[in-house]
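Reviewing the structure listed below.
Just so you know, all these numbers are worked out from the coordinates, no wet-lab data involved. Predicted, not measured: the structure shown is a model, and the values here were computed from it. All Cβ positions, glycine included, derive from the backbone under ideal geometry; neighbour counts span all protein chains shown.
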Amino acid sequence: MNGALEGASGLAVLDVEPEEFNLELTLGCGQVFHWERSGAGYIGLMGEVPVYVEQAGPELRLTAGVEAVASRYFALDHPLEAIYASFPKDPAMNAALEFCRGLRLIRQPLWECVATFITSAMKQVPHITQMSHSLRRTFGSAVSWQTQTLHAYPTPERIAMASEADLRECRLGFRAKNLLGAARMIASGEVDLAAITRLEDEPALRELCRLPGVGVKVANCALLFAYERPRAFPIDVWIERILREIYFTRKRKVTVQRLKKFSESYFGPYSGYAQQYLFHHARKTWKLRGRQTA
DNA sequence: CTCCAGGTTCCGG
DNA sequence: CCGGAACATGGA
């Protein structure tokens, strides 16, 4: 999984087992929203670092010099085989695993992740992507890369300086007020995202929920995608549907609280990974009322 | 036109 | 603790 060498194209190469890392799944499963297809791969930013990356089987080819940053961003150190071994062996989980094998939960910058999921409320993945790009172009610092200009996610300080009307220009709707409020609390030091790293799961969740627009679901997304808490289990409309229809068949009145208790005991120490696999598999294969959701 | 989307918050039983 | 409603916007 390690070992870098120069390819003929000027790109660096990281050796990966195809079954242990799948770039397309990792960037396309709805955990991160700003990567754009380019040629045979993708371009985007890992924090402030511009990266082109493509995968050809066991070769992960990427911008020379970013190997260490990318290894960390893509969480190439996560023990995928052990994670898979910990999954419950039921048909739905098995199908999700076969569909998503190689998908890794990446390590996102804290604020970028929190902010993006604040804007995600009641939005489809393509819309979240649109808002992310709009915020980046409008408020983010420009990072030139070859012939293009990419934009980093705007800092809390920069967003805190904007007005709610400015943010609504990025088509945030009612989410503008929440993003602004959260940015102000962080810019003022009232909430310290870095300090939350040192808290246990429950206190970390409580602290994140102090931010406007951050409830249990968004907080769990931040814990899972940025704070490396593999037990965090975000329950959105898709996961709720999956739990009710597959794991709680023909039971009435199952509360979200019960769903949470169940997931903690049933999916094990990497329940967050299980959650993401179930989420992505369902989203790409289930058809609602004959409507194509892919 | 209608329905719904990786929710949160507030308000009344 | 629970269910309902409001909240913006865009794509199917």
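Here is how the numbers come out for the structure above:
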{"quantity": "For residue A:108, residues with placed amide H under 5 Å, excluding near neighbours", "calculated": "A:226"}
{"quantity": "Descending semi-axes in whole angstrom, ellipsoid equivalent of region A:33-153, from the Cα gyration tensor", "calculated": "28, 20, 13"}
{"quantity": "Local electrostatic count, residue A:56, Cβ distance below 14 Å [Lys/Arg +1, Asp/Glu -1]", "calculated": "-4"}
{"quantity": "Residue A:101 versus residue A:145: modelled label distance in nm, points set 7 Å from Cα along the beta carbon direction", "calculated": "3.0"}
{"quantity": "Pairwise label distance in nanometres, residue A:48 with residue A:17, each label 7 Å out on the Cα-Cβ vector", "calculated": "3.7"}
{"quantity": "Formal net charge of residues neighbouring residue A:232 (Cβ-Cβ distance under 13 Å; K, R +1; D, E -1)", "calculated": "-2"}
{"quantity": "Net charge contributed by nearby residues that have their C-beta within less than 12 Å of residue A:15 (K/R +1, D/E -1)", "calculated": "-3"}
{"quantity": "Spin-label model distance (nm) - residue A:38 vs residue A:253, 7 Å beyond Cα toward Cβ", "calculated": "5.6"}
{"quantity": "For region A:110-223, alpha-carbon Rg and Dmax in angstrom", "calculated": "14.0, 45"}
{"quantity": "All-pairs alpha carbon distance profile, chain A, 5 Å steps from 0, percent", "calculated": "1, 5, 11, 16, 17, 17, 14, 10, 6, 2, 0, 0, 0"}
{"quantity": "Extension gain (nm, one decimal) between residue A:266 and residue A:241, 0.36 nm per residue minus Cα-Cα", "calculated": "7.3 nm"}
{"quantity": "Exposure proxy order (Cβ contacts within 10 Å, fewest to most) of A:175, A:231", "calculated": "A:231, A:175"}
{"quantity": "Sequence of A:214, A:69 once ranked by neighbouring C-beta atoms within 10 Å, starting from the fewest", "calculated": "A:69, A:214"}
{"quantity": "Selected from A:225, A:262, A:87 as most flexible by GNM, with chain A as the system and alpha-carbon contacts under 10 Å", "calculated": "A:262"}
{"quantity": "Options A:196, A:274, A:44, ranked by Cα towards positive dipole end of chain A, top entry (Cβ charges)", "calculated": "A:274"}
{"quantity": "Taking A:249, A:63 and counting other C-beta atoms within 10 Å, the order from fewest to most", "calculated": "A:249, A:63"}
{"quantity": "Percent of alpha-carbon pairs separated by more than 11 Å within region A:218-258", "calculated": "66"}
{"quantity": "Cα-based Kirkwood hydrodynamic radius, region A:4-77, one decimal, Å", "calculated": "12.3"}
